[in-house]
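Below is one structure; the comments refer to it alone.
Nothing in this text is a laboratory measurement; each read-out follows from the coordinates by a stated rule. Because the structure is a prediction, the values reported are computed rather than measured. Reconstructed Cβ throughout: ideal geometry from the backbone, glycine too, with neighbour counts over all protein chains shown.
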Amino acid sequence: METTNRVAEKPLDLGVHRYTIELIRDGKNGPETIQRQVVNNLVTSVGKREILRLAAGLLTENMDHMRIGTSPAAAASNQADVLSPVAGTQVTVTTKTMDGRTLELMYSYESSAGSISAAAIQEVAILGQITSDGASAYSRAVFSSVNKTTADKLKITYQVRIT
């Protein structure tokens, strides 16, 4: 089963930001998506300011880090990170794609011995830098609970279409 979520296959309306969360497990015929969600996100106050700074060439950080957490609290514009981080999940995205006005960032928390295993993953944030407190979130989203074991791959894709 093909689980790649390409920008060209999933056009966004102008100004829409969204995350696609996929839990993938090896099945008898190869990888199978066992859970898939598409959720809109909130661009934080920090995110709005930093996106303007990025456009003006005044930003030294890139919008290329991600972190997941377990808080089900609704996203608010003053949040600068996930509220309950899962240890070891601050990462640099592995894929950046720009197609016209649509930016796509993707990271997969892989399956294997030693990979992350966490119950009730319910939040994700895109960060400008990896810091201990993460206080640089551009966006945050909350979604239905996902349980990732070491046998599962958790693939998160962020898409935004600039107006």
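See the values below:
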item	result
Cα gyration tensor shape of segment 79-142, rounded if a/c is under 1.5, else prolate or oblate by comparing a/b with b/c	oblate
Candidate lysines for bridging to LYS96, where Cα separation is under 27 Å - those fewer than 8 sequence places away on the same chain excluded	LYS10, LYS48, LYS148, LYS153, LYS155
Derived scalar couplings ³J(HN,Hα) [segment 96-102; Karplus, 6.51 cos²θ - 1.76 cosθ + 1.60; whole Hz; x for Gly, Pro]	10, 10, 10, 10, x, 9, 9
Percentage relative contact order, segment 7-161, counting C-alpha pairs under 8 Å, at least six apart	34
Exposure proxy order (Cβ contacts within 10 Å, fewest to most) of SER108, SER77	SER77, SER108
Cβ-derived FRET efficiency at R0 25 Å, SER45 paired with ALA119, nearest 0.05	0.25
Neighbour-count ranking [beta-carbon atoms within 10 angstrom, fewest first] of GLU110, GLU123, GLU22	GLU110, GLU22, GLU123
Base-10 log of normalised Debye intensity for segment 7-161 (one unit scatterer per alpha-carbon) at q = 0.09, 0.12, 0.14 Å⁻¹	-0.27, -0.48, -0.66
Separation of the SER71 and GLU32 label points, Cα + 7 Å toward Cβ, nm	3.6
Cut-off 15 Å (backbone N to label point 7 Å along Cα→Cβ of SER145), residues of segment 92-133	118-123
For ASP81, residues with placed amide H under 5 Å, excluding near neighbours	ALA137
